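The block underneath contains the structure these notes are about, expressed in structure tokens.
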Amino acid sequence: MVDNMRTVVSGSFPKNPCFITDVHRASLDIGSAGIYSKEAVSEVTEAHLTRYFTKQGDAYHVLPELRKMIVFAPHNVTKDAPFTKLDLVCCRNLLIYLQPHAQKKVLSLFHFGLKTGGALFLGPSESPGEIADEFETLDRHWKTRGDPSHVACKTKTL
Ligand SMILES: C[S@@+](CC[C@H](N)C(=O)[O-])C[C@H]1O[C@@H](n2cnc3c(N)ncnc32)[C@H](O)[C@@H]1O
């Protein structure tokens, strides 16, 4: 995922922070700890485990250099002020649970928050929908190691 993000954004490891947000604080606490069981990393390649984790006992700990890049923050995408000047918004499998009017609002906020040319990474059953004209689809079924994703790119404002 990190490698894919790196490719999408700029071709180099991002120096800017990565925000990981959710309304569910307990999930943020788990992510923030950066400690995963063997089962949790079962789909991570050996190369990525070596590059981004250290093994301590049976657990895999995210490398401090990677963890320091990431800011975990509570954020409600339907209510809170959007983040801005973003290179990439990755929001998979949330929009499908929202009503159409809420989907449109959230997608508009993502569009507002993205830099021109920034990428929007959605779940396999999600798309920019009613504001599709504002985006260029890069790939409808980009295969990562897990599910495919819909990837769109914010187009230039003419
Ligand atoms: C179905 S999970 C998807 C998780 C992950 N992206 C994936 O694809 O496996 C939906 C996530 O969205 C979060 N969520 C639900 N409503 C939200 C909202 N209004 N703002 C931010 N996060 C929300 C939930 O807490 C949950 O972590």
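When the test is whether a residue is within 11 Å of the ligand (Cβ to nearest atom), touching a Leu at 6+ places or on another chain (Cβ under 7 Å) and not basic (Lys, Arg), residue 121 passes it.
The set of residues in segment 103-133 being part of a helix (DSSP H, G or I) and of a type in the set (Phe, Trp, Tyr) consists of 110, 112. All of (1) loosely packed, with under 13 Cβ neighbours inside 10 Å; (2) modelled with pLDDT of 90 or more; (3) polar (S, T, N, Q) hold for residue 108 with one exception: (1). Residues that are surrounded by fewer than 15 Cβ atoms within 10 Å (Cβ to Cβ) and in contact with a Gly (Cβ under 6 Å, 6 or more places away or on another chain) were ranked within segment 76-105; the one that is farthest from residue 154 (Cα to Cα) is 93.
Residue 73 meets all of the listed conditions (1) within 14 Å of the chain's Cα centre (by Cα); (2) modelled with pLDDT under 95; (3) surrounded by fewer than 16 Cβ atoms within 10 Å (Cβ to Cβ) but one, namely (2). When segment 20-35 is examined, which residues are found to be within 17 Å of the chain's Cα centre (by Cα) and among the aliphatic types (A, V, I, L, M)? 20, 23, 28, 30 - these are the residues of segment 20-35 that are within 17 Å of the chain's Cα centre (by Cα) and among the aliphatic types (A, V, I, L, M).
Whether a residue is more than 27 Å from residue 25 (Cβ to Cβ), in the same structural domain as residue 33 (by TED's automatic domain parsing) and more than 16 Å from the ligand (Cβ to nearest atom) was assessed, and residue 134 does not pass this test.
Which of the residues spanning segment 24-40 are part of a loop (DSSP other than H, G, I, E, B) and out of contact with any His (no Cβ under 7 Å at 6 or more places or on another chain)? Result: 24, 37, 38, 39, 40. Condition first: aliphatic (A, V, I, L, M), free of Cβ contacts under 8 Å to residues at least 40 places away in the same chain and within 7 Å of the ligand (Cβ to nearest atom). Now tell me which residues in segment 76-98 satisfy that. Hit for segment 76-98 is 94, nothing else.
The values are calculated or read from the model by the stated rules, or taken from the named source; none is laboratory data. Just so it is clear, the model here is predicted, and its values are computed rather than measured. Cβ sites come from the backbone with ideal geometry, for glycine too, and all protein chains shown count toward neighbours.
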